[in-house]
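Chemist: Attaching a single structure in structure tokens format; questions to follow.
The values are calculated or read from the model by the stated rules, or taken from the named source; none is laboratory data. Here the structure is a predicted model, which means the values were calculated and not measured. All Cβ positions, even for glycine, are placed from backbone atoms using ideal geometry, and neighbour counts span all protein chains on display. For accessibility, only protein heavy atoms count, side chains too; no ligands or nucleic acids. Shrake-Rupley method; radii C 1.70, N 1.55, O 1.52, S 1.80 Å.
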Amino acid sequence: MRLSQFHLATVKEVPADAEIASHRLMLRAGMIRRLASGLYTWSPLGLRVLRKVENIVREEMDRAGAIEMLMPSIQPRELWDETGRWEKFGGQLLKIKDRKQQEFCYGPTHEEVVTDFARNELKSYKQLPVNFYQIQTKFRDEIRPRFGVMRAREFLMKDAYSFHLTQESLAETYAVMYQAYVRIFTRLGLTFRAVQADTGAIGGNASHEFQVLADSGEDAIAFSDGSDYAANLEKAEARATAAAAPAPAAPLQRVDTPRQRTISEVAEFLQVSPQQCVKTLLVRGNDGLVALCLRGDHEINEVKAGKLAELPGESVLASEEEILAACGTRPGFIGPVGLPDAIPVIVDRDAAVLADFVCGGNANGSHYTGANWGRDARIGRVADLRNVVEGDLSPDGKGVLHIARGIEVGHVFQLGQKYAEALNASVIDDSGKAQVMTMGCYGIGVSRIVAAAIEQRHDEAGIIWPEAMAPWRVAVCVINPKNASAAVNEAAEALYQALGQRGIETVLDDRGLRPGGMFADMELIGIPHRVVVSERGLAAGTLEYRGRTDAESRSLTEQELFALLA
RNA sequence: CGGGGUAUAGCUCAGUCUGGUAGAGCGUUGCGUUUGGGACGCAAAAGUCGGGGGUUCGAAUCCCUCUGCCCCGACCA
């Protein structure tokens, strides 16, 4: 590509409300332009990168045996009524009507459509397993779109759906997809981790997220330094630090804590560490309130709490009024000692192995010291309620957990029969009986990958593309082309042609910018390799090469350059 | 949905408090000088000051209202 024939539109300034590096750099590089909240135009430059990602995803899906298709983005309400998700999906579903007032939505995902396709197309177990995929625009009416294309309302996604007769077959395809994802993110040149993910309300046997590691990531992930264990923080299991509580050594004593309500205030006031305190959260249970007890320095994990049998499927903190009505105490002074019998007490594993601890006194302005389970407070049962923290033992017993931030770019999921059952998608098995199919689904946020890559790889000057994602691998920069000798322009043109003939994607910067502006642009848009052609270099018979992350330029012969790029 | 902020040239923003002919930088166009890290000079084009209503002799500025956008929170996977 000759840059003089392209539309490169870099800018120096960027709106103050572009918060994260990838959003700022994509705007500055002119890759995207905002049309409305969460809606972005991909410029020619941005599209080149997006297509690089898309093509790698497509190649690896094809290699893994998935079959590409394309489904409509507009979907009829009736199909969504069949699975009950027209209502359940809520405000994220963009609903529209046609001229006959019939209702449709812009697809946020395609389980309904693909399962409808499958129930019409697949009749026999001999057609299974089969894995359909598409790369297509999705729309989710996010409450708060942000960070440019990182969390946009309209975005490009690869979604694949596999159909099986048995769970074993699903597990096989799941493993193949998992490996395909590993290949994709490896080829893209990203630092990532596959982590166990919560399967949520859908159930199923397995789910993994692929997280690109970046400090600005919205997800927290835990991983072991002694094994390959890695999980989303909402999923990571917290093991108790001790097998059992030590024997009680201190007497139970009520102490006045007139204005100390938070754990940190109480701990400081009583001169104990937060680890020696028990905090008690009251949440709405199936039948009245439920008490959840945690060690003072630990955080509740709402996903784990929501799964407790005593809770209605979600964890919602009780209001101050509800607490006052049930306990006669304001929040801040609640504790397991002397709590009304009607309130079940569920204790986190680590809180359960404390002895002589501090807890709320169930009276305004008072706490207990020297409290002990059994002697002073009842334990309904012990459960894993908390988020793991840096330094926790890995749940597989090997190594210690560390916490990192990640950006979710892929998610594989063993769906089971939820959708096939709702839509009655079945095939005839070898005994002639109809069997509901078992499904898996596998998503990749194609447009999000572009932002995630920048988030992971950038510097002061701009984007640092992995080679596989760069809009061009090499930039040939001509110094002062309008006034340089014919030889310089000819040499640049010849080099550009030679690189192209070797299959190396090259951009020729023949715009005639001053060198500073030209270099700044090539660095901003993240071209991995830069070669300068000038009178100076021509006289010396060498090319001036500089890698995107190199501190300085160096001289290469043309042959050395080709070898380096081979 | 609750709270906060914001809307002025293509872009980034001053100007609003204290009402009196619309500003800067970047970008764009033309001319000239320049040409190895975002050059310089001169000239020019470019604005229903988000929409509507009100107060006033007079509103970008004060008041009411609507809308868009951004941030925090709640929500959601």
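Chemist: For region A:344-354, enumerate the residues that are open to solvent by 10 Å² or more (accessible area, probe 1.4 Å) and within 18 Å of residue A:312 (Cβ to Cβ). Lay out the reasoning, then the answer.
Modeler: Residues of region A:344-354 open to solvent by 10 Å² or more (accessible area, probe 1.4 Å): A:344, A:349, A:352-354.
If the condition is that a residue be open to solvent by 10 Å² or more (accessible area, probe 1.4 Å) and within 18 Å of residue A:312 (Cβ to Cβ), then A:344 is the only one that fits.
Chemist: Mind telling me which of the residues A:405, A:381, A:375 ends up being open to solvent by 20 Å² or more (accessible area, probe 1.4 Å) and under 23 Å from the mean Cα position of the chain (by Cα)?
Modeler: Numbers: A:381 fails: under 23 Å from the mean Cα position of the chain (by Cα); A:375 fails: under 23 Å from the mean Cα position of the chain (by Cα).
None of the other options fit; the residue is A:405.
Chemist: Also: Just one of A:255, A:212 is touching a residue at least 60 places away in the same chain (Cβ under 8 Å), over 28 Å from the mean Cα position of the chain (by Cα) and surrounded by 13 or more Cβ atoms within 10 Å (Cβ to Cβ); which is it?
Modeler: The match here is A:255.
Chemist: Moving on to the next point. From the list A:44, A:15, A:72, which residue is open to solvent by 60 Å² or more (accessible area, probe 1.4 Å) and within 12 Å of RNA strand B (Cβ to nearest atom)? Full working, then the answer.
Modeler: Values: A:44 fails: within 12 Å of RNA strand B (Cβ to nearest atom); A:72 fails: within 12 Å of RNA strand B (Cβ to nearest atom).
Answer to the selection: A:15.
Chemist: Evaluate region A:403-419: report whether one residue or more is touching a residue at least 24 places away in the same chain (Cβ under 8 Å) and assigned to a loop (DSSP other than H, G, I, E, B). Explain how you work it out, then say what you get.
Modeler: Filtering region A:403-419 for residues touching a residue at least 24 places away in the same chain (Cβ under 8 Å) gives A:403-416, A:418-419.
Cutting the leftovers down to assigned to a loop (DSSP other than H, G, I, E, B) gives us none.
No, there is no match, as no residue in region A:403-419 is touching a residue at least 24 places away in the same chain (Cβ under 8 Å) and assigned to a loop (DSSP other than H, G, I, E, B).
This table checks each residue for (1) within 13 Å of RNA strand B (Cβ to nearest atom); (2) open to solvent by less than 50 Å² (accessible area, probe 1.4 Å).
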{"site": "A:77", "(1), (2)": "no, no"}
{"site": "A:89", "(1), (2)": "yes, no"}
{"site": "A:101", "(1), (2)": "no, no"}
{"site": "A:109", "(1), (2)": "yes, yes"}
{"site": "A:114", "(1), (2)": "no, yes"}
{"site": "A:120", "(1), (2)": "no, no"}
{"site": "A:135", "(1), (2)": "no, yes"}
{"site": "A:147", "(1), (2)": "yes, yes"}
{"site": "A:152", "(1), (2)": "yes, yes"}
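Chemist: Of all residues in region A:18-27, which are closer than 16 Å to residue A:216 by Cα and either touching a residue at least 12 places away in the same chain (Cβ under 8 Å) or within 6 Å of RNA strand B (Cβ to nearest atom) (or both)?
Modeler: Within region A:18-27, A:18, A:19, A:20, A:21, A:22, A:23, A:25, A:26 meet the criteria.
Chemist: Could I ask something else about it? Inspect region A:237-248 for any residue being under 28 Å from residue A:24 (Cα atoms) and in contact (Cβ under 8 Å) with a residue 40 or more places away in the chain and give the result as yes or no.
Modeler: The answer is no, given that none of the residues of region A:237-248 is under 28 Å from residue A:24 (Cα atoms) and in contact (Cβ under 8 Å) with a residue 40 or more places away in the chain.
Chemist: If I filter region A:408-465 down to residues being among the β-branched types (Val, Ile, Thr) and within 16 Å of RNA strand B (Cβ to nearest atom), which single residue comes out as farthest from residue A:185 (Cα to Cα)? Don't jump to the end; show me each part of the working.
Modeler: Taking region A:408-465 first, the residues among the β-branched types (Val, Ile, Thr) are A:409, A:412, A:427-428, A:436, A:438, A:444, A:446, A:449-450, A:454, A:463-464.
Checking which are within 16 Å of RNA strand B (Cβ to nearest atom) leaves us with A:409, A:412, A:444, A:454, A:463-464.
Working: A:409: 9, A:412: 14, A:444: 10, A:454: 14, A:463: 18, A:464: 16 Å.
Here the residue is A:463.
Chemist: Looking at (1) of a type in the set (A, V, I, L, M); (2) at pLDDT below 90; (3) crowded, with 17+ Cβ neighbours inside 10 Å, which is the one condition that is false for residue A:36?
Modeler: Status for residue A:36: all satisfied but (3).
Chemist: Additional query: Could you check region A:136-232 for strands (runs of 3 or more DSSP E) lying wholly inside it with 3 or more residues that are assigned by TED's automatic domain parsing to the domain that holds residue A:121 and of a type in the set (Gly, Ala, Ser)?
Modeler: The qualifying strands (runs of 3 or more DSSP E) are A:219-224.
Chemist: Out of curiosity, is residue A:179 polar (S, T, N, Q), over 19 Å from the mean Cα position of the chain (by Cα) and surrounded by fewer than 21 Cβ atoms within 10 Å (Cβ to Cβ)?
Modeler: no
Chemist: Now for a separate question. Which number in (1) under 41 Å from the mean Cα position of the chain (by Cα); (2) touching a residue at least 12 places away in the same chain (Cβ under 8 Å); (3) more than 9 Å from RNA strand B (Cβ to nearest atom) marks the one condition that residue A:515 misses?
Modeler: Among (1) under 41 Å from the mean Cα position of the chain (by Cα); (2) touching a residue at least 12 places away in the same chain (Cβ under 8 Å); (3) more than 9 Å from RNA strand B (Cβ to nearest atom), the lone unmet condition for residue A:515 is (3).
Chemist: While we're here: Would you mind telling me which numbered condition in (1) open to solvent by 20 Å² or more (accessible area, probe 1.4 Å); (2) in contact with a helix residue (DSSP H, G or I) (Cβ under 8 Å, 6 or more places away or on another chain); (3) on the phi < 0 side of the Ramachandran plot residue A:58 fails?
Modeler: Condition not satisfied by residue A:58: (2).
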